[in-house]
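First comes the structure, then the notes that go with it.
The values are calculated or read from the model by the stated rules, or taken from the named source; none is laboratory data. This is a predicted model, so every value here is computed, not measured. Cβ atoms come from the backbone with ideal geometry, glycine included; neighbour counts cover every protein chain shown. Side chains are part of the model used for accessible areas, which takes the heavy atoms of the whole protein and leaves out ligands, DNA and RNA. Shrake-Rupley method; radii C 1.70, N 1.55, O 1.52, S 1.80 Å.
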Amino acid sequence: MITKDEINDILRRYETKKITIGTLGSHSALNIFKGAKEEGFGTICVCKRGDEIVYQSFPLADEVILVEDFNELLDEDIQQRLRQTNTILVPHGSFNAYIGTEKIMDELRIPLFGNRELLRWETDREKQREWLQKAGLTLPKTFKDPNGIQGLVIAKFSGTRGGKGYFLANSPESFHKKARDMIKRGHLRREDLEDIHLQEYIIGVNVYPSYFHSPLTNEVELLGIDKRYESAVDNIGRIPASEQLQIALNPTYTVIGNIPIIVRESLLPEILRMGENVVKISKEIAPPGIIGPFCLETVITDGLEIFTFEISARIVAGSNVGIGTSPYAYLNYGEGMYMGRRIAREIKIAIKTNELEKVVY
Ligand code: AMP
Ligand code: AMP
C-alpha cells in the first residue's frame with residue numbers, strides 16, 4: 001500500500017505554483033476540468049482512444065494523454081508524465097469502475113484529492129453499512145440469503161456499475177427465476193450471483209444530495225441535489241400495464257443521466273445533519289475523514305422518511321447537473337460555483353496557505 005509519507009515526498013518535489021489538475025476522461029471530467037480552469041489551473045486528461053472527441057468539442061484539457069484502456073493510468077511512463085506536470089488527480093466513478101480500489105491503493109503514485117482509505121470503505125458494502133449506521137442514518141434492511149427474502153427487495157451486484165443488472169424480487173422463487181432471466185438476457189453473469197446484495201426496496205423518490213467537506217475550514221456544504229434518470233425503470237409508466245404484463249416486463253436500473261432537484265425546505269435540516277454526521281464518523285474510521293466531495297444516495301418515502309442506501313466518498317456524476325451553478329451552491333456563493341470548481345478552489349486555498357498535504361492522499 002502506498003503510504004501518506006510517499007505521497008508527501010512526491011508533493012514536496014512538486015512546483016506548487018504550477019499544479020495541474022488531472023483525471024480520467026469520463027464521468028465528471030468536464031465538470032472537474034471546467035472548475036480547474038476557472039480557478040486558473042492547467043488540466044490534463046487521460047483519455048480512451050475514440051473518446052477524445054469530447055475534449056476536442058469542449059476544449060478544457062490542456063493536455064490529453066491517449067490510452068487504449070484506463071488501466072494504463074498505472075503505467076510508469078504515464079505516472080511519470082503526471083508527476084512531471086505536478087498533477088493532482090481527482091478520482092471519480094471511473095477510477096473505481098475501471099481501475100479498482102486495490103490498484104489505486106497499491107500502484108497509483110500520484111497525489112489524489114481525497115482520502116484513499118475511504119475509497120476502500122466505499123467499495124465494500126459491509127463497511128459502508130457500518131459507517132452509515134454509526135452516523136445514525138436510516139438504512140434499508142438487508143437479506144443475507146435469497147431464500148430468506150420477505151417483501152420487495154432489490155438485488156444488487158458488486159462494483160460501481162450504475163445500476164446495471166439490478167432487479168426486483170418479492171420471494172425466493174421470483175428471485176431465482178429473475179436471476180436466470182437476467183443472465184439469459186446478458187444483463188448479468190453467473191459469477192455475479194456470488195457477490196449479491198439484497199436490500200429492502202424502499203418505495204419513494206430518489207434524492208442524491210452532493211456535499212463538500214473542507215478539511216481546511218472543517219465545514220460541510222451542500223452544493224446540489226439531483227435524481228438519477230434510469231433506463232428502463234424511469235419510463236415504464238409510458239407503457240400501459242396490460243402490455244407490461246404481456247411482455248413480463250422486468251425493470252432495469254442503468255443510469256443514463258441525472259436531473260437536478262430542489263427538495264422541500266423542511267427536509268433540509270435532516271439532509272444537512274446527515275452530511276455532518278457522515279463526516280464526523282469518517283474521521284473516526286479513516287482519519288482525517290472525508291476530503292472534498294461526497295454524496296448520499298437516498299430514497300425519501302411519502303412519510304418523509306429518508307433512507308440512505310449508499311455513499312460515494314468522491315465526486316458523483318450527479319454533481320454535473322450543477323455545472324455553472326446549482327440553487328444550493330448559489331445560496332452560498334452566488335453565481336458560478338459547482339463541484340468541479342469547489343474542488344479546484346480548495347486546492348488553490350491549500351496551496352496559498354501551504355496546506356496541500358491536508359487535502360491530498
Ligand atoms: P462511465 O465512465 O460512464 O462508464 O462511468 C463510470 C462509473 O460511474 C460507471 O460504473 C457508471 O455506472 C457510473 N456513472 C457514470 N455516470 C453516472 C451517473 N450520471 N450517475 C451515476 N453513476 C454514474
Ligand atoms: P445504486 O447502484 O445502489 O446507486 O442503485 C441504483 C438505483 O437502484 C438507484 O438509483 C435507485 O433507483 C435504485 N435503488 C437502489 N437501492 C434501492 C432501495 N433500497 N430502494 C429503492 N430503490 C433503490
### Task
Being open to solvent by 70 Å² or more (accessible area, probe 1.4 Å) and within 25 Å of E297 (Cβ to Cβ) is the filter here, so list the residues in the range 173-190 that pass it.
R189
### Task
Among the numbered conditions (1) out of contact with any Pro (no Cβ under 6 Å at 6 or more places or on another chain); (2) surrounded by 18 or more Cβ atoms within 10 Å (Cβ to Cβ), tell me where K103 comes up short.
(2)
### Query
Tell me, which residue of the range 22-72 that is hydroxyl-bearing (S, T, Y) and part of a helix (DSSP H, G or I) is surrounded by the fewest Cβ atoms within 10 Å (Cβ to Cβ)?
S57
### Task
Could you grab me the full set of residues in the range 251-282 that are away from ligand 1 (no atom under 16 Å from the Cβ), surrounded by fewer than 14 Cβ atoms within 10 Å (Cβ to Cβ) and within 30 Å of L168 (Cα to Cα)?
I262, R264
### Query
Of all residues in the range 76-116, which are within 16 Å of I44 (Cα to Cα) and of a type in the set (D, E)?
D77
### Task
Please determine, by comparing only the residues of the range 283-301 that are touching a helix residue (DSSP H, G or I) at 6+ places or on another chain (Cβ under 8 Å), under 22 Å from V360 (Cα atoms) and open to solvent by 10 Å² or more (accessible area, probe 1.4 Å), which one is nearest to ligand 1 (Cβ to nearest atom).
I285
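Being away from ligand 1 (no atom under 16 Å from the Cβ), open to solvent by 40 Å² or more (accessible area, probe 1.4 Å) and touching a helix residue (DSSP H, G or I) at 6+ places or on another chain (Cβ under 8 Å): is that true of E221 here?
No: the conditions fail for E221.
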### Query
Residues in the range 105-122: is at least one closer than 20 Å to S319 by Cβ, away from ligand 1 (no atom under 13 Å from the Cβ) and polar (S, T, N, Q)?
yes
### Message
Looking at the range 224-241 only, could you name the residues that are of a type outside the set (K, R), open to solvent by 60 Å² or more (accessible area, probe 1.4 Å) and within 12 Å of ligand 1 (Cβ to nearest atom)?
### Response
Y229
### Task
With a cut-off of at least 3 residues that are over 30 Å from K283 (Cα atoms) and in contact (Cβ under 8 Å) with a residue 40 or more places away in the chain, name the strands (runs of 3 or more DSSP E) lying wholly within the range 167-263.
253-260
### Task
Within the range 140-156, identify whether any single residue is among the hydroxyl-bearing types (S, T, Y), farther than 22 Å from R228 by Cα, crowded, with 16+ Cβ neighbours inside 10 Å and out of contact with any Gly (no Cβ under 8 Å at 6 or more places or on another chain), and answer yes or no.
no
### Query
Out of V263, V220, V255, V205, which single residue is in contact with a His (Cβ under 8 Å, 6 or more places away or on another chain) and among the aliphatic types (A, V, I, L, M)?
V220
## Note on the structure
Being under 19 Å from the mean Cα position of the chain (by Cα), more than 16 Å from ligand 2 (Cβ to nearest atom) and not charged (D, E, K, R) narrows L132, L112, L137 down to just L112
#### Entry: Test for N170: is it open to solvent by 60 Å² or more (accessible area, probe 1.4 Å), within 16 Å of ligand 2 (Cβ to nearest atom) and of a type outside the set (G, A, S)
yes
### Query
Hey, does the range 135-158 have a residue that's within 25 Å of G25 (Cβ to Cβ) and at pLDDT below 95?
yes
### Query
Is it the case that some residue within the range 315-325 is away from ligand 1 (no atom under 15 Å from the Cβ) and part of a helix (DSSP H, G or I)?
no
### Query
Which condition number does L245 fail, the rest of (1) within 14 Å of ligand 2 (Cβ to nearest atom); (2) outside the structural domain of K134 (by TED's automatic domain parsing); (3) open to solvent by 70 Å² or more (accessible area, probe 1.4 Å) being met?
(1)
